1. Once you've got the Cα coordinates, tell me which of A:Lys25/C:Lys354; B:Lys424/B:Lys495; A:Lys86/C:Lys93 are over 18 Å apart.
2. What accessible area per residue, rounded to a whole number of Å², is obtained for region B:32-324 using a probe radius of 1.4 Å?
3. Is it possible to state the helix-based mean residue ellipticity at 222 nm for the protein assembly as shown, with each DSSP H run of 4+ residues giving -39500 (n - 2.57), the sum divided by total residues, to the nearest 500 deg cm²/dmol? What is it?
4. How much net charge surrounds B:Ile87 when only the other residues with a Cβ under 10 Å from the Cβ of B:Ile87 are counted, with Lys and Arg +1 and Asp and Glu -1?
5. Averaged over peptide C:350-358, how many Cβ atoms belonging to another chain are found within 10 Å of each residue's Cβ?
6. Enter the buried accessible area of the A/C pair, total of both sides, probe 1.4 Å, in Å² rounded to the nearest 100.
7. What are the aspartates and glutamates whose alpha-carbon lies under 19 Å from the alpha-carbon of B:Lys477, with same-chain residues fewer than 8 places away excluded?
8. Just for chain C, what percent of DSSP beta bridges are antiparallel, to the closest 5?
Amino acid sequence: MNSQSTKRSILSLSSDKIDIRYVAKLARIALTDDEVQRFGQQLGDLLEHVNVISKLDTDSIPATAQVVESRNVEREDEVRPCLDRKTVLSMAPQAQGSFFRVPRIIAEDG
Amino acid sequence: MSNIESAHAVGGPQPSAGGRGAEGAAPSKWEAVIGIECHVELKTNSKMFCGCANEFGGEPNTKVCPVCLALPGALPVANRVAIEHMIAAGLAFDAQIPEFSKFDRKNYFYPDMPKDYQISQFDMPLTQGGVVRYWLEDGTMKECRLTRIHLEEDTGKSTHSGSGDGRIAGSSHSLIDFNRAGVPLMECVSEPEIHNADEAVGYLEALKRTFVQLGVSDVKMEEGSLRCDANVSIRPVGAKELGTKAEIKNMNSFRSVHRAIESEIARQIEIVESGGRVVQETRGWDEVTGTTHTMRSKEQAHDYRYFPDPDLVPVEVDRATVERIRKDMPELPPARFARYHCEFKLSVAQATQLVENAPLAEYFDACVNASKNAQQSVNFVLGDLSRLANESDTPVYESPVKPQHVAELITLVESNTINSKIAKELVGRMWKGEGAPKSIVEKEGLAQTSDPGAIDGFIDGVLAANEKSVADYKGGKTNVMGFLVGQVMKASRGKANPALVQERMKEKLT
Amino acid sequence: MSTVERSGVDVARAVNAREISAREVTDATLGQIDAVDERLGAYLTRLHDMARAAADRVDARIAGGEKLAMAGVPVAVKDNMCLAGTRTTCGSKILENWIAPYTGTAVQRILDAGGIPVGKSNMDEFAMGSSCENSALLQTRNPLDLSRVPGGSSGGSAAAVSAHLAAVGLGSDTGGSIREPGAFCGVVGFKPTYGRVSRYGLIAFASSLDQIGPLTRTVEDAALAYDVMAGYDPMDSTSIDRPLEPTFSALRDDLRGKRIGIVKEFETGKLGAAIDAVYKQAYRDLEKLGAELIEVSLPTADYGLATYYLIAPAECSSNLARFDGVRYGLRVEGNDVGEMYEATRAAGFGPEVKRRILIGTYALSSGYYDAYYVKAQKVRTLIGDDFKKAFATCDLIACPAASSPAFVSGAKSDPYSMYLMDYYTIPMSLAGLPALSVPCGSVSVEGKSVPMGLQLCAPIFAERELLSAAHAYEKATMHYKNNKLDVSLHRAPTGNLV
Ligand SMILES: [Mg+2]
Ligand SMILES: [Zn+2]
């Protein structure tokens, strides 16, 4: 499950080509062949630039996910008013009755 | 004292290794290995990250706000009670509650998931480890370790149309209701330490009982507040490595979990025994055909791109909170079951019935405390009192019959002050609010009489009025004795000591 | 001075004193917008009716004896901020027709204080860009030279304020999106400490970096708007629950006793002689006000850009997933949900947004997460540590606000050259620090003077110190007085400046 922790040297990354079609699939954006070409080139260039951080030794450095140091920001378990359904469904690209409607879901989508 | 400790202290039957081998499911050559993942909706007033009501059902798309509908610009704020429920759930199973925990985003697209990522927990869940102790119908205690319980949010609900049967396969479109989106959900992941369908159901029942008793969830499978998937594989008995697993989905009752696991084990055994190989896949359970079928065959490794949710700050669980929650915890099902079954010698059915009804169990405990007689207490509580409760729709513990009354009644029976018939009558009168049994007995002279003179008087009268029966008895039809004793009891308005009546009657007839 | 040229502070004072009504100020501003915005393109949506209704309510409240901090002050709201009942597009086709059903916290606080929303301002799509050219809906020009860009992403608000189409522009800054357009348009652009202003109702780009702040013609106005907007919001878990010190009342006129750090690594000589001269003069002016200049070092600041272009896209790839055609916004139909998603997002997002979603998705994907995303977070720690060390020896840091003055539209076609514009602003964003840009002079390009901005930066929560120093500098130098609107903005079809 934890494929994210795969250890990988950043030095090896610069030689990697982004599999732009795979990434676009994950991001759910259809790309034209032309875009695959162009974005592939541009993202490759950008990666060359960002790879400069591989020079820094960060082994003992903690990661900063957020600059705020707050902890335990929690709300009381209280019910608050909802939006009314008319407003909610008026935004829908397609509604049917009291529901949002979408085209068929292929099981693989889950 | 912690309830977990008391469970050990009672010294109930030790969990036995291995399965009991449900009939037909796991013949001796093969051992099934099962891990269960459960999603359980937490019982809170409001959703996990917004103030919309956490209620089942209701008009579609009426319990939504900018946050749970993922409108642009909306942000989540965590529900304090949901986090405390998680800590309670973890403590109930002896899990570790790490001091530092955080929320992560699990990224994937699905139309009923508003943000197209789920706020979940990846590497730092609120609880880690733990063990679920449960028992089987024969009273055998079992254990299954938990990997973790983490907190996340539920999705909305899709209804699939156009396929004729509501299934996703073959549907032309889907309709979505987001009322459920954002409801707090705990995901309980077990280690693969379950070996047959009975154990799976026992494990699930233990989760359910515990969550209900803690008040952290209603666990209504029919309302979808408990949903589970099972990872099933088989291996030759004695083998170390795990076989290829299939993940079974769509089981919507404990009964279907049982049936689905048995069917899946049988399917895998058949494949392997006929020289085939089990393929890793997701299989759906079909209630009607009683079989599992392929849902997703080419299992792609999901790339969920987990990362810490920058909209939420970490949770640091302070030890004082943990201790407060621990202190407030009731006696939990495994400990209570062990006490009832092993110490009080109640039957598995009696003990289970009480364990599943915590207030009734507490009432029962008060009766035992006052009477020091568990057997008689359980007879009254699960017998006459529960019958009256059913008839009147009033729980025993809310009736006018107090545990001290029950104890008094037991004393009256034990001291032979009243007989069981009077006891039954007294229960009914106490239920109507007539007060303590002793005072009723005294007021109305219902005490049993064991005075030989008085009893002889009743017997003589009965024998005189039933000459034919006396003759029958003397002619060898000894079964008329019951009738004659009954007549004496009737004449004494139930007060005569039945044992004494029997004894004197025998003497007079021979 | 005409009504529209009045500062926010002056308008609020006059409206509270009933020298002028909020309605009069609003009508004048709306008139100016109608007269010039056709050629400027600052606003995506003009809010005539809403503004007039708000002005009338303010006048009624003033008549009722209330005092309102921003009474009658015309405000441009960047179009990534939800304002109930208004189209809120984020400069994107995917939200082109979306009407927000709720109002974000910062905007609500402005309205409650008597501010008048006159329009929703243009921006780079989803706040990704440094020129406003990435807006999918409108081209905004620099009001001081229409051939140039106004900067971005808050270019619409910067242009509106510079052209007197609002006294206060609300902007959002993720890597420089308030400070750089402020510098380009010759106005003040202020990004508060991360967490000081609630993000509730701000359409997210990169959650751990986004921060709302004002664009104004004077530092006083920036302080006024900040004091109104800032403070804890229970709807935003990352907003900071910590007492707020009012900044407006603490503005000073000198810098005596202040130590100002000049960053060794940000040597301005490499920006060209003319630019170098402007910054050298600015530093001397700070000194003249009584500050002591100290050389400080930010050795890892040079890695800011690389770090930012991993972290911000990673967060954006997830934040922008919700634009899927299911609940709101654009939908392009498909045979199944997957096709619908892909077609909707292909048609709805512009190229820069797609690039960032793709790079961010890649940086988070299996096998690359540690090497890119986690690595960048660690470098983020180093950059923050560098600032902490620097602030041990100085009270404020001064440096350029952008890598160049406003450039000509279309001049930067290569994405990376655009990214470089934010070289000086990104490190502060990564560290969550409050920073602002204040006009500091101009360079002459082809006979036109193009303004430049001095960036000042303070330790977290030191907004008071920061605004106070900027105010002292502004008062002593008055560079914004030299702003001259492009002559073609004067040739208004409906008449001259109101
Ligand atoms: Mg889950
Ligand atoms: Zn909600």
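1. Violating the 18 Å Cα-Cα cut-off are A:Lys86/C:Lys93.
2. For region B:32-324, the per-residue accessible area is 34 Å².
3. Mean residue ellipticity at 222 nm (helix-derived): -11000 deg cm²/dmol.
4. Result for the neighbourhood of B:Ile87: +1.
5. Mean shielding by partner chains, rounded to a whole number: 4.
6. 5600 Å²
7. Within the straight-line limit of under 19 Å, B:Lys477 reaches these aspartates and glutamates: B:Glu467, B:Glu503, B:Glu507.
8. Rounded to the nearest five, the antiparallel share is 65 percent.
The values are calculated or read from the model by the stated rules, or taken from the named source; none is laboratory data. Since the model is a prediction, treat every value here as computed from it, not as a measurement. Glycine gets a Cβ as well: all are built from the backbone with ideal geometry, and neighbour counts include every protein chain shown. We work out accessible area using only protein heavy atoms, side chains counted, and drop any ligands, DNA or RNA first. Shrake-Rupley method; radii C 1.70, N 1.55, O 1.52, S 1.80 Å.
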